[in-house]
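Below is one structure; the comments refer to it alone.
The values are calculated or read from the model by the stated rules, or taken from the named source; none is laboratory data. Keep in mind it's a predicted model, so treat the numbers as computed, not measured. All Cβ positions, glycine included, derive from the backbone under ideal geometry; neighbour counts span all protein chains shown.
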Amino acid sequence: MTQQLENKLQNLPAEPGVYQFKNEKGKIIYIGKAKNLRNRVRSYFHSSVDSPKTKIMVEKVADLELLITSSEMEALILENNLIKQHKPRYNVNLKDDKSFPYIRITNEPYPQIYSTRTIEKDGSKYFGPYTDVKNMKASLRMINKLFKIRSCKYWIDDDVIKSKKIKLCLDYHINKCDGPCEGLISEKDYNRMVNQVIKLLRGKTDELMTELKTEMNTAASNLEFEKAASIRDKIEQLEVYSSKQKIVLQSNDDKDIISAAIEGKDVASTILNIRSGRLVGKRQLNLSSERSDDLNEIYNAIIKFYYNEYVDIPKEIIVEETPIDKDALLEWLSKKGNRNVSFVIPQRKSEAKSLLQMCKQNAILQLKEIQLQRMKKEGNVPYVLSALQRDLRLKSLPRKIECFDISNLQGTDTVASMVVFVDGKPKKSLYRKYIINEVEGPDDFASMREVIRRRYKRLLEENEHSPDLIIVDGGKGQLSSAVEILDELGIKDQPIIGLAKRLEEIFFPGISESQSIPKTSSSLKLIQHLRDEAHRFAITFHRLRRDKRTLQTELTEIPGIGQKVAEKLLINFNSIDEIKNAATAELANVIGISKAEKVKNYYSNKTKSL
C-alpha cells in the first residue's frame, strides 16, 4: 500500500458518497457507493476479507478518489452513472454497448409516437427498451391500426393551426388520421387517445377495453352510430390481442420478475413484465462480473441498470435474493415510479415462486446461448473446460482428464477405477479397471499409490502423452500418495488435484488448506460428473468381483468340479441361474459330458432337498 493511499484511508469522512479505486496507472478499476465512506472503504483493507477475487482487486489499488453526496440515494444514482461511463473492470457491467430501441411519445400538444434509439430529456415518455425489435414493431403496428396517431413530423399547436401553414395529407383521406394539423380534432380528444395508447403499452388492456366500452355506449346513446361501430371494432381487436397474452396471475397485480444465471464472468438476466396479471413483455440483459458472483450484488447491478432506463416501475419486484443496498434502491425506485415499491422473495410454493422458476430457466437458456457463441469463436472448445482452467488456475486447457477412485468392502476385493474425459465428455474406450494386489486390508493411501504407479509407469513405457489433469477421489492423504509416486517416476509439473468428501472442497499439492470452486460454476458440475462416473465404475467392478468370487465358491463345492472348470462355466454363462437352467448338452459343450452330468445332478438333488 502506498503512503498516499494510507493517508487517505486514515482521513476518510463518515459521509455518504461514491469512492473510486484506481490502479498504479491511474485507471479506475472499481466504483462503489456508501452510506458511510469511512466504514465502507476501510472494510476492503481488513485482513478478514474472505473473497479471493476482492483480495486480488484490493492488491491492485494504488489510489482512491471520493465524491461526497448529500444522501445515499444521490450516491446510488451517481455511482450508476459513473459505472456506465467508465465501465471499471471489477464492477458488474453491461456487455451490450449497442442501444436498444424505445417507443417514444413526444412532449407536444399533439404528440407523435415512433421508435427511437436516442433518449432526449425533453419531457417525452419512453417505453422499452425493447431487446426484441420484432416485438417493438408489432406494438407499433397495433397502435397505428387501432389509433389515429399522426405520422407527420411537424410541430403542431394552436398558432400553427390558425396560420393554416400545414394542409391535410393522405392519412386523413384514408381515415388513418383525424387531421390535428387543421384543427379537426381537439387537443383534449387527441391526448385522450394518446393516453389510451399509453395504457396499451403498459399492458393495461382490460382497463383500456372498459374505457372504450364506456365511450362506445355514450356514442350509441348520442346516436353517433358510426363512431360507436368504430370503437366496437377497436374493442374486438384488443380482445384478440389480449387473448394472446398469457395469463400468469389470478390477481390483476403489476409485477416484474427478475432472475439471473451466473457462470464465471458471464451474467445473464431475464426480466418478465406482468401487468394486470398478464405476461406482457420480456427483457434480457447480458452483463459481466469480474469480481463478484454474489447474487445480492448481481441483483443490485441488474436493478440499477434496468430501472435507470425509461421503464414502467411496478409496485412489486420479485427476486431470488434481496439485493444489497435494499433501502437505498427502494427509495430510488419509489421516487422514480411515483409509488411505493417493494422487493418480494417467494418462500413457498405459489404463483410467484413458479414464475420466478420460469424466469430462472429463461436466464439459464440465455446464458447457454452466450456460451455457445463463445464456443464458436474459440473453435468449438466446450466452455466448461475454460471455466475449469480458470477455477483451477491451470496453465493449459484440460482437454484430457483422468480421474481415479478406490473401492473396497471391509478391506476385501479392493479395486480401483480410472475414467477418462476428453473435451468434457466420457471416453469409455480409455476407461481402466485395476485389481489391487500389493495392499493388505483397507488402506486407501497405499491402494492409490499402487494404481498411480501402475498407470503412469506404463504411460512412460509406451511414450503416451500425460493427461492435462489428474483427479484423485479423496483429500490430502490420497493426493499426497499420488504426488509421491509421480515424483518417484520423474513426472514433474503434472496438474493434479484431490477431492474432499464435500465436493466443493479441492486440494492442491503443497497447499494444506482446501480451496473452493464457486457453486455457480459449470466446472463444479464437470468435476462432479467425473467423480460420480469414477465411483460408479469402481463400484460396478467391485460388485462383479465379489459376485464372481461367491459364484466360484459355490461351483467348487460340487464334487469333481475344480477351480478351472468353475471359471470356464462363469465365462460362458452369465449367472448361476443360467448354469442351473442350462441343458446337459450345453454344459457338455463347455466342460465335457462327465462334468456336465455332475453339475446337473448336483442342482437337481439340491432342488429336491428344498
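Summary table
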quantity: Complete set of residues in segment 555-610 that are over 18 Å from LEU544 (Cα atoms), within 60 Å of the chain's Cα centre (by Cα), at pLDDT 80 or above and in a helix (DSSP H, G or I); calculated: VAL565, LYS580, ASN581, GLU586, LEU587, VAL590
quantity: Hits in segment 324-366 - residues which are assigned to a loop (DSSP other than H, G, I, E, B) and free of Cβ contacts under 8 Å to residues at least 60 places away in the same chain; calculated: ILE324, ASN338, ARG339, ASN340, VAL341, ILE345, PRO346, GLN347, ARG348, LYS349, SER350
quantity: Residue within segment 521-543 that is modelled with pLDDT under 80, within 23 Å of the chain's Cα centre (by Cα) and surrounded by 17 or more Cβ atoms within 10 Å (Cβ to Cβ) present; calculated: yes
quantity: Single residue of segment 33-60 satisfying the filter (touching a Lys or Arg at 6+ places or on another chain (Cβ under 7 Å) and touching a residue at least 12 places away in the same chain (Cβ under 8 Å)) that is nearest to ASP391 (Cα to Cα); calculated: LYS53
quantity: Condition check for ILE364: modelled with pLDDT of 85 or more, under 23 Å from PHE507 (Cα atoms) and of a type in the set (A, V, I, L, M, F, W, C); calculated: no
quantity: Enumeration of residues in segment 1-29 that are part of a strand (DSSP E or B) and either of a type in the set (A, V, I, L, M) or more than 20 Å from ALA328 (Cα to Cα) (or both); calculated: VAL18, PHE21, LYS22, ILE28, ILE29
quantity: Any hit, segment 298-306, residues being surrounded by 18 or more Cβ atoms within 10 Å (Cβ to Cβ) and among the polar types (S, T, N, Q); calculated: yes
quantity: Single residue of segment 331-375 satisfying the filter (small (Gly, Ala, Ser) and more than 18 Å from THR520 (Cβ to Cβ)) that is surrounded by the most Cβ atoms within 10 Å (Cβ to Cβ); calculated: ALA352
quantity: Count - residues of segment 581-602 that are touching a helix residue (DSSP H, G or I) at 6+ places or on another chain (Cβ under 7 Å) and in contact (Cβ under 8 Å) with a residue 24 or more places away in the chain; calculated: 3
quantity: Residue tally, condition in a helix (DSSP H, G or I) and basic (Lys, Arg), over segment 94-153; calculated: 4
quantity: Looking only at segment 408-443, and only at residues there that are under 28 Å from LEU397 (Cβ atoms) and β-branched (Val, Ile, Thr), the one that is modelled with the lowest pLDDT; calculated: VAL422
quantity: Which numbered condition GLU321 misses (of (1) closer than 23 Å to GLY281 by Cα; (2) not in a loop (DSSP other than H, G, I, E, B)); calculated: (2)
quantity: Selection from segment 99-115 of residues that are buried (at least 18 other Cβ atoms within 10 Å of the Cβ) and polar (S, T, N, Q); calculated: THR106, GLN112
quantity: ILE491 vs. criteria assigned by TED's automatic domain parsing to the domain that holds SER407, hydrophobic (A, V, I, L, M, F, W, C), over 24 Å from ASP423 (Cα atoms) and surrounded by 15 or more Cβ atoms within 10 Å (Cβ to Cβ); calculated: no
quantity: Test: VAL472 is without any contact (Cβ under 8 Å) to a residue 40 or more places away in the chain and in the same structural domain as ALA534 (by TED's automatic domain parsing); calculated: no
quantity: Selection within segment 89-143 - of a type in the set (S, T, N, Q), within 30 Å of VAL61 (Cα to Cα) and modelled with pLDDT under 85; calculated: ASN93
